[in-house]
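No lab work stands behind these numbers, since they all come straight from the coordinates. Small disclaimer: the values here were computed from a predicted structure and weren't measured. Glycine also receives a Cβ, built like all others from the backbone with ideal geometry; neighbour counts cover every protein chain displayed.
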Amino acid sequence: MSELTTVARPYAKAAFDFALEQGALDKWAEMLSFAAAVAQDETIASFLSSSSTVGKTTDVFLGVCGDELDDNAKNFVKVLAENERLPVLPAVSELYQTLRAEHDKEVTVDVKSAVKLLKAQQTALIKALEKRLQRKIKLNCSVDKSIIGGLVIEAGDTVIDGTLRGKLDRLAYALQS
C-alpha cells in the first residue's frame, strides 16, 4: 500500500494544484472519484493489467469515462496511461481528497457511542471539537454496544476516550500510583 501511495502522491498533488489554480476543486474531486471507480471495475482492472498498447488502453478508458471528464482531466488520464499508472487512480483520488481536506482545514471525526446521538448533541459536539481542533468538523457517528456510556472520539491521531470504562481505568491507575 505504501508503494501505491508513493506512486500516486505526485499525481494527486499535480491534480490538486491544477484544480486549485483553476478554482475547480469540487469538479476535480468528482472527476477523480469517477475515474477511480472506473479503474476499480473488475473488467477494466483486468484490461489494464493485460498487455495492451498505451493508445488502446487510453482510448478504452476514456471511452468508458465518456463525458464525465473534461479535456484537462482527459489529458491527466492520458499522462497516467502513458506512464502505466491508471491502476493507481483510486489512490490518487484518495490522496486528492486528503489534500483538499487539508486545504479546507477540515477533519473527519469518528464518534462511537452507546446510543445514537441526537442532532442537538451532534451540533454541540461539532462546536466543541471545532474550537479544540481549530478545523471544520465532519462527524461520522456510530453506535458501539460494547460502550456502557460516554463517547470515543477519533480525529486522525487524536483519540479522546470519554467512556465510563476509560474513566474507571484512569481512576484505577491513579489510585494504584
(message) Could you tell me the center-to-center distance, by alpha carbons, between segment 20-35 and segment 60-119 in angstrom?
(response) 8 Å
(request) Take the Cβ-Cβ distance between Arg170 and Ile148 as r, set R0 to 22 Å, and report the resulting FRET efficiency rounded to the nearest 0.05. (result) 0.90
(request) Quote to one decimal, in nm, the extra length available between Val79 and Lys56 on full extension: 0.36 nm per residue of separation minus the C-alpha distance between them. (result) 6.9 nm
(request) Choose one of Ser146, Gly156, Ala73: the residue whose Cα lies farthest towards the positive end of the charge dipole of the chain (beta-carbon charges +1 Lys, Arg; -1 Asp, Glu; about the Cα centre). (result) Ser146
(message) Counting only helical runs of four or more DSSP H residues, what would the 222 nm mean residue ellipticity of the chain come to if each run contributes -39,500 (n - 2.57) and the total is spread over all its residues?
(response) -20500 deg cm²/dmol
(request) With Cα extents along the principal axes in Å defined as stated, name the option among (i) 69, 34, 30; (ii) 50, 35, 30; (iii) 61, 47, 36 computed from the structure displayed. (result) (i)
(request) Could you pull out every one of the lysines with an alpha carbon less than 20 Å from that of Lys136, ignoring same-chain neighbours closer than 8 positions? (result) Lys105, Lys112, Lys119, Lys127
(message) I need to check one value: relative contact order of the chain, counting alpha carbon pairs closer than 8 Å and at least 6 residues apart, in percent.
(response) 21 percent
(request) Report the far tail of the P(r) of segment 2-102, meaning the percent of Cα-Cα pairs longer than 20 Å. (result) 30 percent
(request) Among Tyr96, Tyr11, rank each residue by its count of other Cβ atoms within 10 Å, from fewest to most, as a rough exposure measure. (result) Tyr11, Tyr96
(request) In debye, nearest 20, what is the charge dipole magnitude of segment 2-102 about its Cα centre with +1 on Lys and Arg Cβ and -1 on Asp and Glu Cβ, if you could check? (result) 220 debye
(request) Please state the charge dipole magnitude for the chain, taken about the Cα centre, from unit charges on C-beta atoms (+1 on K and R, -1 on D and E), reported in debye and rounded to the nearest 20. (result) 1120 debye
